[in-house]
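*Asks:* Here's a structure for you.
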Amino acid sequence: MTDAGPHPDRGRHPRPFASVSERVRSLMRGRLWLQVLVGMVLGIGAGIMLGPSVAWIDPETATTVANWLAFPGKIFLALIQMIVIPLVFSSIIRGLASSGTVGQLRRVGLRVVVLFLLTTTFAIAIGLILADVIEPGRFVEGDAVHSLRAAASQGAETGTPPRFVDLPQALLGLLPANPLVAAVESNMLQVVIFSVVVGAALVMMAPRQAKPLLDLLGSLQEVCMTVVRWAMRIAPYAVFGLLAQLTTRIGFDAIIGMAVYVGTVMTGLLILLLVSLTVLYGGTGITPGRYLGKTRELLLLAFSTSSSAAVMPLSIRTAEKKLNVRPSISQFVIPLGATINMDGTALYQGIAALFLSQVYGIDIGLGGMALIVVTAVGASIGTPATPGVGIVILATVLGSVGIPPAGIALIIGVDRILDMSRTVINVSGDLVATSLLDRWAGREQSADAANQEKISPREPP
């Protein structure tokens, strides 16, 4: 018996690779965290192939290729940074205006500032204790260390501690004399202060007078979030290119040479994360696994970009959509936290300062440690949430206790890896604080409503 016609599958060969490719695409479709994770792995692999460890091609060509690979990442960061100022301005004002009353605004504002100061101080304390116990500076030897010690013994330049008499002028400088100049210069703390002043004024105004400006700011906020959605479409490619460029430039040899120092910082960041997750579970009932599952996209992106500001729009969306935080809390706390809440950076500064004091053979004592805490907390407030700024803060901290800032050259090679890791802790700390404050504010509102009902019972029908 013969077939009436050609069989549709006759002559065709199975395409297993096409089937696997389709399965991979279906698995990654709609899962931004998985796409970012794949981009991270591929980027590191590409950087190793291009970098000095493998030396697959000559260094000049490798640098050119890495710069082109990082081009989508530069576009991503430029898009986000373009809308950070208007987003912070609109979010803080709308968040404050949504608080309802001056009393509630005062309670939330005071608590968030106190909470951020306490967590930052606690983070520095953890870093100092770890560095004092492990003593990573004792494990570093070589020509670079000997040259640094020789420069210190010959009277190398040291920093000057901040003078108390200059404090009033420094505090006055926090107020933006010209808000437009503060925005142009990306002075985030002055932008935040101006936004808080405007938001507090709107709370005290009549609702009819405040509504037009709030509606305008609502439209501005939605425009910013639309730009964020555009940027998130290229996020996996941005992560791939940025990590490829980073690994091409530094390789893994620099990290291995400072393994104990890097391990000390990583251990401190892990301890800080575990403590914050424990506090979150005790205060809100959110388990660590559930929290990490809901925030994985955000934390992976924070690790890749090394910028709290770059992921701030996604932080607000994650808090509202994944953690069910009210917009009145998230839109006020997260922009403020991205400006003054730098737990991971504070811990890093404590470890780095003590590490360099050990390298130089300088005993700073308990008084020096206390001064590091005070200086690091003050210096971290208002620091731009951009890559590499932790080094600038560290120079201020070192100068406060007489450690030569030239020692930064010893740790600059591994700073970017640590910067990426501490950004994750900074962003996570903002989310934890937002969830805690939302839960506390919700309980107080429920208690106030219950008390009001007792005072004004319902009239009988």
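The values are calculated or read from the model by the stated rules, or taken from the named source; none is laboratory data. Note that this is a predicted model, so its numbers are computed, not measured. As a convention, Cβ positions derive from the backbone with ideal geometry for all residues, glycine included, and neighbour counts pool all protein chains shown. Accessible surface areas use protein heavy atoms only, side chains included; no ligands, DNA or RNA. Shrake-Rupley method; radii C 1.70, N 1.55, O 1.52, S 1.80 Å.
*Asks:* Inside the stretch 321-350, can you point out the residues that are at pLDDT below 85, closer than 18 Å to V397 by Cβ and aliphatic (A, V, I, L, M)?
*Replies:* I340, M342
*Asks:* Also: Tell me yes or no: at least one residue of the stretch 3-20 is among the acidic types (D, E), out of contact with any Phe, Trp or Tyr (no Cβ under 9 Å at 6 or more places or on another chain) and at pLDDT 60 or above.
*Replies:* Checked the stretch 3-20: no residue is among the acidic types (D, E), out of contact with any Phe, Trp or Tyr (no Cβ under 9 Å at 6 or more places or on another chain) and at pLDDT 60 or above.
*Asks:* Quick test for you: out of R443, R422, R439, pick the one residue that is modelled with pLDDT of 85 or more and open to solvent by 80 Å² or more (accessible area, probe 1.4 Å).
*Replies:* Selected residue: R439, the only one of R443, R422, R439 that is modelled with pLDDT of 85 or more and open to solvent by 80 Å² or more (accessible area, probe 1.4 Å).
*Asks:* Now for a different question. Which of the residues that make up the stretch 206-241 are in contact with a helix residue (DSSP H, G or I) (Cβ under 6 Å, 6 or more places away or on another chain) and not in a helix (DSSP H, G or I)?
*Replies:* I234
*Asks:* Under 8 Å by Cβ, and 6 or more places apart or on different chains, what pairs join a residue from the stretch 61-83 that is in a helix (DSSP H, G or I) with one that is of a type in the set (D, E, K, R) and open to solvent by 70 Å² or more (accessible area, probe 1.4 Å)?
*Replies:* The qualifying pairs are T63/R249; A66/R249.
*Asks:* Confirm whether Q331 is under 29 Å from I403 (Cβ atoms), open to solvent by 10 Å² or more (accessible area, probe 1.4 Å) and of a type outside the set (V, I, T).
*Replies:* So Q331 does not fit the description; no.
*Asks:* Check L347, L300 and return the single one that is within 18 Å of the chain's Cα centre (by Cα), crowded, with 24+ Cβ neighbours inside 10 Å and not polar (S, T, N, Q).
*Replies:* L347
*Asks:* If you don't mind, another one. I'm checking my understanding of the structure. Among residues of the stretch 35-60 that are open to solvent by less than 60 Å² (accessible area, probe 1.4 Å) and without any contact (Cβ under 8 Å) to a residue 60 or more places away in the chain, which one is farthest from S186 (Cα to Cα)?
*Replies:* I57
*Asks:* Give me the pairs, please: first residue somewhere in the stretch 293-312 and modelled with pLDDT of 85 or more, second residue anywhere and in a loop (DSSP other than H, G, I, E, B) and β-branched (V, I, T), beta-carbon distance under 9 Å, and either six or more positions apart or on two chains.
*Replies:* K294/I286; L298/V311; L299/V311; L301/V311; A302/V311
*Asks:* Looking at A450, A353, A406, A370, which one is on the phi < 0 side of the Ramachandran plot, surrounded by fewer than 19 Cβ atoms within 10 Å (Cβ to Cβ) and modelled with pLDDT of 80 or more?
*Replies:* Going through A450, A353, A406, A370 in turn, the sole match is A370.
*Asks:* Ok, one more. Any idea which of V196, V108 is among the β-branched types (V, I, T), modelled with pLDDT under 75 and under 23 Å from S330 (Cα atoms)?
*Replies:* V108 is the lone residue from the list that is among the β-branched types (V, I, T), modelled with pLDDT under 75 and under 23 Å from S330 (Cα atoms).
*Asks:* Only one of these conditions is not met by A309: (1) open to solvent by 10 Å² or more (accessible area, probe 1.4 Å); (2) assigned to a helix (DSSP H, G or I); (3) not polar (S, T, N, Q). Which number is it?
*Replies:* Failing condition for A309: (2).
*Asks:* Same structure, new question: Among G100, G155, which is modelled with pLDDT under 75, in a loop (DSSP other than H, G, I, E, B) and within 30 Å of V196 (Cβ to Cβ)?
*Replies:* Answer to the check: G100.
*Asks:* With over 30 Å from L130 (Cβ atoms), modelled with pLDDT of 85 or more and open to solvent by 20 Å² or more (accessible area, probe 1.4 Å) as the only criterion, which of S276, S186, S219 stands out?
*Replies:* S219
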